[in-house]
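**Student:** The structure under discussion is supplied below as structure tokens; questions concerning it will follow.
The values are calculated or read from the model by the stated rules, or taken from the named source; none is laboratory data. Just so you know, these numbers come straight off a predicted model, no measurement behind them. Cβ coordinates were reconstructed from backbone atoms using ideal geometry, including for glycine residues, and neighbour counts include every protein chain displayed.
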Amino acid sequence: MSEDKKQVISPESPVETQAQNLTDSEQARLDRPKLSDWLELRLGWWGFVRKNLDEQMPAGVSWWQTLGNLLMTLLAFQFITGIALSMYYSSGPESAHASVKHINEGFISNIPIFGSINWGLAVRGIHVYGSSVLVCVTVLHILRVFFWGSYKKPRELTWLVGVLIFFVMLGFSFTGYLLPWDQKAYWATTVGTNMAGTIPGIGDSMLILIRGGSEVGSLTLTRFYAAHVMILPAALIILTALHLYLVRKHHIAGPVLPQKGATVPFWPNQLFKDAVVVFFGVGIVIYLAAVNPPGLEGVANPTGTDLVPRPEWYYLGLYEMLKIMPAGWELMATLIIPGIVSVGMILLPWLDKSKSRHPAMRQWIIISGTAIILMIGLMTLKGYLETPVHGEEGHGPAVEGQAAPDGEAEH
Amino acid sequence: MSDCKNCDNCDCGNDAPDSPERRKLLGISVGIINGVIATAIIGPVVGFVGAPLLQKRKGIWVKVLSESDLPPGETKDVKFTMHIKDGFMEVDREYALFMRRSGDKVLAFDPACPHLGCRVDYQSDKGRFFCPCHGAVFDDAGAVVAGPPARGLFEHKTKIEDDHIWVYREV
Ligand code: HEM
Ligand code: FES
């Protein structure tokens, strides 16, 4: 009973202030409430925190369910590094390349014991590898949900919003890739936007709308920059909030076959697993950024012949598909196949009519899904093995001597 | 008709503050007002962002090479500069062309691959154009030999005047 009395004005029950027989310290706390009590009364934050910590997980929830939290953390990393980069980045064709070069080279300081540290390159490295790991983890997260059948009623919209988040993420990488305005940026964008131009009927207009003109130029760069730092982040924040709301509303789906055992609260077991996974996920990003910091090729040059075309690794599958399409069939690779896969992803909860979430009960979905995943995986691998690794800093001797478009100052 | 109590001047009925008719009318009005407000913001933004669609490409004749610099049988990678508007900037942008004589005409191939726009390169020992992106190959006359493009290299109009070769280029 004395236990009870001590908790009278704990954050969990801050309003029970009418209790009698308060000890001196309790009375003092009542007279001069701590900041946490003060906030609790106005925000009710403690209830919110407790609700999330006590969220009941079905038995059998495991490491696979930690990916969502890793995604949240990596997203926070992208936003923080992105905001920092945008303070030094300049989105004009005459200045973009030079400003990224400055980020790469202009912020080195000597710290005792640690030696020389390149702050700009570190932040850019985290942003670049963060985006790759983010896409990787997103794919794992999607695969987990796919094989567990967690997209079934009532979680159809959670899945749908997740797919939209994935598209937004691909949009982030596509637009971000252009920003350094180097050779690979320029040509990847030329090819990527031309793909939109192949759409029958509206292709030409789409191309002009995306590029802001008929050629990739200054208006393309500002459009992509606006998308990268305004439109897509806004869309991502809204979609992520919706996704999390739905996840909390419907709770975690648990293993395919309900397992025996009581539900377990999120805190402490699952939260610990989350922390471990986030630690290693972030570790991988930092490690990659440290051992292989992102380079910068020569400035974008529409007339230079030194290009080594190479999109971001997760577009390599698409890139390979473009290569193997026979003459005149490029619409298959630019629109039809990616379109079918995208629409299939969106409609998955409605295509899969089986009541059971067990993979054996929805063989067609599992088989066709696995086939598609394997195809994409194989094409990506093929692309990875066949395309030369693109050059580092100042790649290609040809670039140095050539006139840069728009009188780039640096070269 | 219990609303009558609240209503001094009217003869009680449809214009009572929350009669169904009144609710419907006000609902429609709010809808119309919101529509106007939405148009006020969407209209200008769509017009502004979509403006590049209305821009007309204009073509001009550019002097790129003196006649004697293009011997028969040779394919030349020619660079020339054009003063263009790129967004708010006016810049001298460099363009490239592959030029070759064919009879008494001059062919001017655009270096952008007709597949998805990478820059093709000419290898004189093989007499072929190669695209580094998805493996397209074109012959001397610009026709597809291998790879995914559905058509040959784009050609620009040319003319010979004042001992110079001129190219008609759209920007
Ligand atoms: C609000 C959030 C973000 C901001 C403000 C931001 C900002 C920037 C800036 C200023 C750059 C140019 C500097 C550079 O190239 O290093 C950049 C590049 C890039 N961003 Fe982001 N970014 C954000 C989120 C993301 C996300 C979520 C992804 C991926 C899923 C992403 C992927 C990329 C990529 C791939 C590049 C090109 C990197 C390179 O080759 O250098 N960004 N971003
Ligand atoms: S762009 Fe030349 S083959 Fe695809």
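**Student:** So B:R128 passes all but one of these: (1) of a type in the set (K, R); (2) in contact with a Ser or Thr (Cβ under 8 Å, 6 or more places away or on another chain); (3) under 22 Å from A:I324 (Cβ atoms). Which condition number does it fail?
**Tutor:** It is condition (2) that B:R128 fails.
**Student:** May I ask you to verify whether A:Y186 is of a type outside the set (A, V, I, L, M, F, W, C), more than 8 Å from chain B (Cβ to nearest Cβ), surrounded by 23 or more Cβ atoms within 10 Å (Cβ to Cβ) and in contact with a helix residue (DSSP H, G or I) (Cβ under 8 Å, 6 or more places away or on another chain)?
**Tutor:** yes
**Student:** Further question on the same structure: Out of the residues in segment B:137-150 that are at the interface with chain A (Cβ under 9 Å from one of its Cβ atoms) and closer than 23 Å to B:V167 by Cβ, state the one that is nearest to ligand 1 (Cβ to nearest atom).
**Tutor:** Per the stated criteria, the residue is B:P149.
**Student:** Grab the helices (runs of 4 or more DSSP H) fully contained in segment A:124-225, keeping just those with 1 or more residues being over 23 Å from the mean Cα position of the chain (by Cα).
**Tutor:** Filter on segment A:124-225 gives A:183-197, A:203-211.
**Student:** For A:L71, work out the one condition from (1) surrounded by fewer than 19 Cβ atoms within 10 Å (Cβ to Cβ); (2) in contact with a His (Cβ under 7 Å, 6 or more places away or on another chain) it doesn't fulfil.
**Tutor:** Every listed condition holds for A:L71 apart from (1).
**Student:** Go through the residues of segment A:5-13 one by one and say whether even a single one is among the small types (G, A, S), at pLDDT below 80 and away from ligand 2 (no atom under 16 Å from the Cβ).
**Tutor:** yes
**Student:** Give me the pairs: first residue in segment A:155-180 and buried (at least 18 other Cβ atoms within 10 Å of the Cβ), second residue charged (D, E, K, R), beta-carbon distance under 7 Å, and six or more apart or on different chains, which are they?
**Tutor:** The qualifying pairs are A:S173/A:E312; A:Y177/A:E312.
Condition check ((1) out of contact with any strand residue (DSSP E or B) (no Cβ under 6 Å at 6 or more places or on another chain); (2) under 25 Å from A:H243 (Cβ atoms); (3) in contact (Cβ under 8 Å) with a residue 24 or more places away in the chain; (4) within 16 Å of ligand 1 (Cβ to nearest atom)) across all residues:
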position: A:G60; (1), (2), (3), (4): yes, yes, yes, no
position: A:Q78; (1), (2), (3), (4): yes, yes, yes, yes
position: A:H97; (1), (2), (3), (4): no, no, yes, yes
position: A:I117; (1), (2), (3), (4): no, no, no, no
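**Student:** On to the next question. Is there a residue being more than 8 Å from ligand 1 (Cβ to nearest atom) and more than 28 Å from A:L207 (Cβ to Cβ) anywhere in segment A:162-183?
**Tutor:** yes
**Student:** Across segment A:302-360, which residue is surrounded by the most Cβ atoms within 10 Å (Cβ to Cβ) among those that are outside any loop (DSSP other than H, G, I, E, B) and within 16 Å of ligand 1 (Cβ to nearest atom)?
**Tutor:** Among those that are outside any loop (DSSP other than H, G, I, E, B) and within 16 Å of ligand 1 (Cβ to nearest atom), it is A:Y319.
**Student:** Note down all Cβ pairs under 7 Å where the first residue falls in segment A:224-237 and is within 14 Å of chain B (Cβ to nearest Cβ), the second is more than 16 Å from ligand 2 (Cβ to nearest atom) and outside any helix (DSSP H, G or I), and they're at least six residues apart or on different chains.
**Tutor:** A:F224/A:L179; A:Y225/A:S91; A:Y225/A:L179
**Student:** Identify all residues within segment B:99-112 that are more than 11 Å from chain A (Cβ to nearest Cβ) and either under 19 Å from the mean Cα position of the chain (by Cα) or aromatic (F, W, Y) (or both); write none if there are none.
**Tutor:** Within segment B:99-112, B:F109, B:D110 qualify.
**Student:** Which one of these is within 12 Å of another protein chain (Cβ to nearest Cβ), more than 25 Å from A:M332 (Cβ to Cβ) and acidic (D, E): B:E155, B:E94, B:E74, B:E161?
**Tutor:** Sole residue among the options that is within 12 Å of another protein chain (Cβ to nearest Cβ), more than 25 Å from A:M332 (Cβ to Cβ) and acidic (D, E): B:E94.
**Student:** Still on this structure, I have one more. Kindly evaluate B:F48 against the criterion of being outside any helix (DSSP H, G or I), more than 16 Å from B:K105 (Cα to Cα) and aromatic (F, W, Y).
**Tutor:** In short, no.
**Student:** Checking B:K56 against (1) surrounded by 14 or more Cβ atoms within 10 Å (Cβ to Cβ); (2) over 30 Å from A:E386 (Cα atoms), only one condition comes out false. Which one?
**Tutor:** (1)
**Student:** Quickly run through segment B:100-131 and pick out the residues that are within 9 Å of ligand 2 (Cβ to nearest atom), over 14 Å from B:T75 (Cα atoms) and assigned to a loop (DSSP other than H, G, I, E, B).
**Tutor:** Scanning segment B:100-131 gives B:C113, B:P114, B:H115, B:L116, B:G117, B:C118, B:C131.
**Student:** What's the number of the condition B:H134 fails, among (1) within 19 Å of A:T305 (Cα to Cα); (2) within 7 Å of chain A (Cβ to nearest Cβ); (3) more than 16 Å from ligand 2 (Cβ to nearest atom)?
**Tutor:** Checking B:H134 against (1) within 19 Å of A:T305 (Cα to Cα); (2) within 7 Å of chain A (Cβ to nearest Cβ); (3) more than 16 Å from ligand 2 (Cβ to nearest atom), the one that fails is (3).
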